[in-house]
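One structure below.
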């Protein structure tokens, strides 16, 4: 791969690869996708952002949302006594790696062409990311705060699109430039809203699949790719708005097996994961980070994430920290 990354409209970079895909950019056997952009040089540069020693965890409570969203079953946390109460161990039963803060791995979404980079489903897995490690410059786009300042607050419990130009405007208003290899975090305000709900309201929220997020479609895919970020994550349920535009969730998956690019117009996951190799984070807790960034006006930070070293895993909690 040359130092100059192709723009979205120049993809694919190799003959015989799917349209608008990064397949082959980092070699035919690559399983890391855009995480390849987290080079040692960029990690060293990002480490220089640590000035105050402020450590801000980005994982949501493991038991939230409760009840889980979208029909997933709750996990059971079993704590056992050891040696007549002299100690304990614990286990998790029925635990879904996508029920709280998460990375979507490349096994999560396929396409009519197969999984990312043409690698067989069973050869992908979150363990590849874990064994490499994720560290670099993080950048927060606090869209919720920016929209509020515009007098147009996001309604997080409705299908409201964050258009590509709004993401760009947020970054410009914050005075932060996205650089190649950054990990881009997007705050919608969903976690703050959810934490303010009563138990009855949380029960209703678990059955709803309507909430704000990035707009689906090629314009979003083009913007995120052309920023040349290593990964993206947001604080809402599925990064982009739900439900998929013009299709049911099930129909969107069915269409993706026939026409992935058409499906991506309704749900951009189908472009980002299997075609572009761009990791997606969901349900990250960005509230404390957003307050800190608004307080000092600095929206860049050193970010680390340690996914589960789970062989062939589909997803994982990010175990992420922002350090300023």
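The values are calculated or read from the model by the stated rules, or taken from the named source; none is laboratory data. A quick note: this is a predicted structure, and the numbers were derived from the prediction, not measured. Cβ coordinates were reconstructed from backbone atoms using ideal geometry, including for glycine residues, and neighbour counts include every protein chain displayed.
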Candidate set: the range 16-70, residues that are assigned to a helix (DSSP H, G or I) and in contact with a helix residue (DSSP H, G or I) (Cβ under 7 Å, 6 or more places away or on another chain); chosen: the one nearest to residue 283 (Cα to Cα): 69
Against the definition (without any contact (Cβ under 8 Å) to a residue 60 or more places away in the chain and either outside any loop (DSSP other than H, G, I, E, B) or surrounded by fewer than 14 Cβ atoms within 10 Å (Cβ to Cβ) (or both)), how does residue 9 come out, yes or no? no
State the number of residues belonging to the range 274-298 that are closer than 24 Å to residue 65 by Cβ, assigned to a helix (DSSP H, G or I) and touching a helix residue (DSSP H, G or I) at 6+ places or on another chain (Cβ under 9 Å). 2
Considering only residues that are over 19 Å from residue 262 (Cα atoms) and out of contact with any strand residue (DSSP E or B) (no Cβ under 8 Å at 6 or more places or on another chain), which ones fall in the range 227-245? 228
Among the residues listed as 139, 156, 178, the single one being closer than 30 Å to residue 30 by Cα and either modelled with pLDDT under 95 or assigned to a loop (DSSP other than H, G, I, E, B) (or both): 178
Hey, any hits in the range 190-199 for a residue that's under 15 Å from the mean Cα position of the chain (by Cα), surrounded by 17 or more Cβ atoms within 10 Å (Cβ to Cβ), modelled with pLDDT of 95 or more and part of a strand (DSSP E or B)? no
For the range 204-221, give me each residue that is surrounded by fewer than 18 Cβ atoms within 10 Å (Cβ to Cβ) and at pLDDT 95 or above. 218, 219
Limited to the range 203-232, what total is found for residues that are touching a helix residue (DSSP H, G or I) at 6+ places or on another chain (Cβ under 9 Å), within 30 Å of residue 74 (Cα to Cα) and outside any strand (DSSP E or B)? 8
